[in-house]
Every structure is written in structure tokens, then in C-alpha cells.
């Protein structure tokens, strides 16, 4: 059912924008060791900085920090495809 004040036959038009873009499409992924580090800090705070009680968590954090992270992140192509498709969506423009 179409919204009030419009008919089903009139297409929805985009506002006159110079170009469509997605801001920051290549977001960096979250650090996987962050949750483990948080649990280690919580363990230290609850046990009074006792090394013996948190040894398993510390070794888990150490192995997580020692593993190399993948540096190759594929670049997101959303802005390229938006710029390609925008003339088909917005229709013809007036020339000045």
C-alpha cells in the first residue's frame, strides 16, 4: 500500500545530489584480542592483580597478540557502483 499523499504510479525521486556516496565504506574490523584483554583486566581487578588466578587468560591473550593479522583487506566498491548507477536512478539533468 503506498504512503498517504502519493499514488502507486508516481515513482519516488531522489533529491538533487551531485553524487551518491557511502561515507567510509572500508571500515576496519574490530580487534579480536580486545575481548580477551578485557577479561584479563577484569580478572586482575577481581583477584587483586594475582598472577596465579589469571594465568590461563594471560596465555590466551599472549597467543592472540602474537598471531599475525592479515593486512590485505579488499577495497569496497560500493561508491564505484553508485556513481555508475546514479544517472539511471535520478534521470536526465538540466544543463546550465
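The values are calculated or read from the model by the stated rules, or taken from the named source; none is laboratory data. What you see is a predicted model; the values in this text were computed from it and never measured. With ideal geometry, Cβ positions are generated from the backbone for all residues, glycine too; neighbour counts draw on all protein chains shown.
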Checklist entry - Which residues, counting only those in region 21-57, are in contact with a helix residue (DSSP H, G or I) (Cβ under 6 Å, 6 or more places away or on another chain), modelled with pLDDT under 80 and either exposed (fewer than 12 other Cβ atoms within 10 Å of the Cβ) or farther than 30 Å from residue 81 by Cα (or both)? => result 22
Checklist entry - touching a residue at least 12 places away in the same chain (Cβ under 8 Å), part of a helix (DSSP H, G or I) and either touching a helix residue (DSSP H, G or I) at 6+ places or on another chain (Cβ under 9 Å) or more than 21 Å from residue 26 (Cα to Cα) (or both) - does that describe any residue in region 62-74? => result yes
